[in-house]
Each structure stands twice: as C-alpha cells, then as structure tokens.
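Here the structure comes first, spelled out in structure tokens, and everything after it is commentary.
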Amino acid sequence: MAVGPSTTTSLNDLLPEIIQEAMFVASERSIMRGLVKNYTLAPGQGKTVNVPIYPIQTAAVISEGSEVDSTEVATSNAVLTVQTVAIRTLLTDLARTSAASNVVADLGRLFGEAVARKMDTDLTALFAGFAAGYGNYTAVITPSDIFKAVATLKANAVPSEGMVCVLHPEIAYDLKAALTTSGNTPFAMGGVYGEVGNEAMRTGFVGMLAGIPIYETSNIAAVTNPGDFPGAVFHRDALGLGMIGDIRIETQRRASFLGDDIVCSAYYGVGELQDGYGRHLKFDSSINP
C-alpha cells in the first residue's frame with residue numbers, strides 16, 4: 001500500500017492563516033467640495049443657509065455740479081437647506097476581535113468615502129440646472145464647446161479666477177479625442193490643438209484648456225440614457241455647499257447584539273447660487289451611446 005507524502009493539504013490544521021493588509025475597492029477622491037462656495041453653520045444656527053446675492057452695479061458720467069442719482073440696490077436670495085446623509089453597520093464583537101486588521105478604522109474610511117461621493121453626486125446633479133449652455137445629449141463634446149462656455153461667462157463679467165470645467169470621464173474621452181486628432185486619426189501626437197493635445201496624449205489629462213482647469217469625476221449620474229452625462233463650466237460662486245460641522249464617524253455600544261454600531265454622517269445642503277455663473281455641457285459619450 002502506497003503511503004502519500006505529508007503535504008499542506010494533510011497538515012492544513014498546522015498552517016497559520018495569514019491575513020494581509022485589507023484592500024479597498026479603489027475609489028476616486030471627492031473633488032467638488034473644493035470647487036464650490038462653502039458655508040459652515042455652527043450648532044444652533046438652524047438648518048438653512050440664506051445667501052444674499054448683490055447684483056453688478058453700473059456707474060455713470062454726470063455733469064459737474066449736478067447731484068448724483070440715487071441707485072436702488074436690491075439683493076436676491078439663495079437658500080441651501082441642510083439634510084442628513086448617513087450610513088451605518090453593526091460590527092459584532094466576534095468580527096472585531098477575530099479580525100487581523102483594525103476593522104473600525106477600515107469601516108470609518110470606507111463610510112467616509114461613501115458620504116464624500118454622495119456629496120459630489122449631489123453637487124454635480126446641479127449642472128443640468130444651469131439655464132444656459134451647450135449640447136442636448138445628442139452629440140459629442142468638442143473643444144469649441146469649452147471655449148464658447150468660457151467666452152460667454154467672461155462676456156457676462158464672470159472672473160476667470162475660480163472658473164473650472166468638470167466632466168464625466170466618458171465625456172472627457174471625446175474631448176481628448178478631438179484635441180489629439182491629426183487628419184482623421186484621433187489620439188495622434190501633434191494633433192490640431194498642438195501642445196494641449198500632446199499633453200493629453202502624454203498624461204491622459206487635458207489639464208488646462210481655454211485658460212481654466214479641466215476636472216474629471218465619475219461622480220456624475222447619467223441623465224435618461226447611459227452615456228448622457230451633464231458637465232459644466234462654472235465659477236465657484238455658481239454653486240454652494242452649506243454644512244453643519246463636518247463628516248463624522250461615531251461608534252455606539254449595542255450590548256444586546258454583542259457589538260457596536262459604526263455610523264458615518266454629514267449634515268449638508270447644496271444649491272445653485274448664481275445661475276449666470278455657470279454653463280451646462282450636456283453631451284453624449286461616443287463610447288457609451
């Protein structure tokens with residue numbers, strides 16, 4: 001009778017289980033919070049942010065010795081209403097004590113990123129609400145659309161400082177294809193937009209176009225059909241984010257369940273402040289029609 005060798009299969013009870021550092025499903029970082037106007041409410045100040053908006057005023061030439069006419073200055077008002085966004089899980093004592101990693105810290109990071117993504121999604125959902133802009137979800141974006149959006153904003157005296165463009169990556173693909181097209185060949189070095197196109201080829205990012213930075217984020221929800229993603233060129237004063245405190249991670253003992261609740265929450269509200277400070281970019285992706 002043949003006797004088999006002693007292997008890791010037969011001696012499996014003697015082998016320690018080695019758990020490596022936890023790996024998180026990759027998720028891009030939130031960007032929108034730093035691109036819009038931020039307001040912070042202290043506890044006890046209610047749950048609405050009222051933002052008075054002063055319109056641009058015009059001065060006039062008067063004759064010497066004449067009285068200056070009185071100008072009525074009337075403000076408009078934007079309101080940001082704070083709501084609660086949260087995520088929770090029950091972590092049992094057995095799961096926590098038997099795990100090789102710091103599960104509480106891991107869940108805190110995971111939940112914090114989830115709330116930040118929700119904040120981004122709520123802010124980017126406002127892009128489609130700008131009254132003016134370009135595209136109707138039937139065509140692909142071109143560099144000309146960015147230049148037109150920037151030009152119309154500047155023509156309305158919107159300052160260049162603080163102006164940005166935010167696009168979904170699948171819409172940004174078509175922008176890069178247009179920037180790098182040489183003849184009829186997209187993604188060719190030395191495309192019609194020269195150095196800008198070459199930079200897109202080298203790094204995969206547009207960087208700057210029409211004098212403003214171009215950002216990409218997947219935290220933009222499709223509208224109606226897959227591939228229809230609203231983007232925007234806007235000044236930071238176009239959109240607002242009002243928060244009470246910041247994103248918070250809390251734990252609470254649940255003795256009857258032999259575990260702890262892990263809760264991540266944020267109190268915030270988003271809204272449009274000045275419609276004339278933004279231009280929507282409503283385009284269809286060629287790679288996700």
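Checking each residue in segment 66-89 for being aliphatic (A, V, I, L, M) and under 16 Å from Gly245 (Cβ atoms) picks out Leu80, Val82, Val85, Ala86.
Would you mind listing the strands (runs of 3 or more DSSP E) fully within segment 216-283 where at least 3 residues are in contact (Cβ under 8 Å) with a residue 12 or more places away in the chain, touching a helix residue (DSSP H, G or I) at 6+ places or on another chain (Cβ under 8 Å) and surrounded by fewer than 22 Cβ atoms within 10 Å (Cβ to Cβ)? Working first, answer last.
On the way: elements: 228-235, 239-254, 259-272.
In segment 216-283, 239-254, 259-272 are the strands (runs of 3 or more DSSP E) which contain 3 or more residues that are in contact (Cβ under 8 Å) with a residue 12 or more places away in the chain, touching a helix residue (DSSP H, G or I) at 6+ places or on another chain (Cβ under 8 Å) and surrounded by fewer than 22 Cβ atoms within 10 Å (Cβ to Cβ).
Quick one: which of Glu195, Glu170 is modelled with pLDDT under 90, among the charged types (D, E, K, R) and either within 16 Å of Gly135 (Cβ to Cβ) or surrounded by fewer than 14 Cβ atoms within 10 Å (Cβ to Cβ) (or both)?
Values: Glu170 fails: modelled with pLDDT under 90.
The conditions single out Glu195.
Does segment 245-265 contain at least one residue that is under 17 Å from the mean Cα position of the chain (by Cα), of a type outside the set (A, V, I, L, M) and either at pLDDT 95 or above or more than 30 Å from Lys47 (Cα to Cα) (or both)? No.
Looking at segment 202-212, can you tell me whether even one residue there is over 26 Å from Ala86 (Cβ atoms), modelled with pLDDT of 80 or more, touching a Leu at 6+ places or on another chain (Cβ under 9 Å) and not small (Gly, Ala, Ser)? Yes, the conditions are met somewhere in segment 202-212. Just one of (1) touching a residue at least 12 places away in the same chain (Cβ under 8 Å); (2) surrounded by 11 or more Cβ atoms within 10 Å (Cβ to Cβ) fails for Asn102. It is (1).
The number of residues in segment 16-64 that are under 19 Å from the mean Cα position of the chain (by Cα), closer than 22 Å to Gly276 by Cβ and either at pLDDT below 80 or among the charged types (D, E, K, R) (or both) comes to 1.
For Glu67, the conditions (1) of a type in the set (D, E, K, R); (2) modelled with pLDDT of 85 or more; (3) surrounded by 11 or more Cβ atoms within 10 Å (Cβ to Cβ) all hold with the exception of (3).
Let's see how each residue does on (1) of a type outside the set (Lys, Arg); (2) surrounded by 11 or more Cβ atoms within 10 Å (Cβ to Cβ); (3) under 23 Å from Ile220 (Cα atoms):
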residue: Val36; (1), (2), (3): yes, yes, yes
residue: Ala42; (1), (2), (3): yes, no, no
residue: Ile53; (1), (2), (3): yes, yes, no
residue: Ile62; (1), (2), (3): yes, no, no
residue: Thr71; (1), (2), (3): yes, no, no
residue: Ser76; (1), (2), (3): yes, yes, no
residue: Asp106; (1), (2), (3): yes, yes, no
residue: Arg109; (1), (2), (3): no, yes, yes
residue: Gly112; (1), (2), (3): yes, yes, yes
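The values are calculated or read from the model by the stated rules, or taken from the named source; none is laboratory data. Note that this is a predicted model, so its numbers are computed, not measured. In this analysis, Cβ positions are derived from the backbone assuming ideal geometry, glycine residues included, and neighbour counts consider all displayed protein chains.
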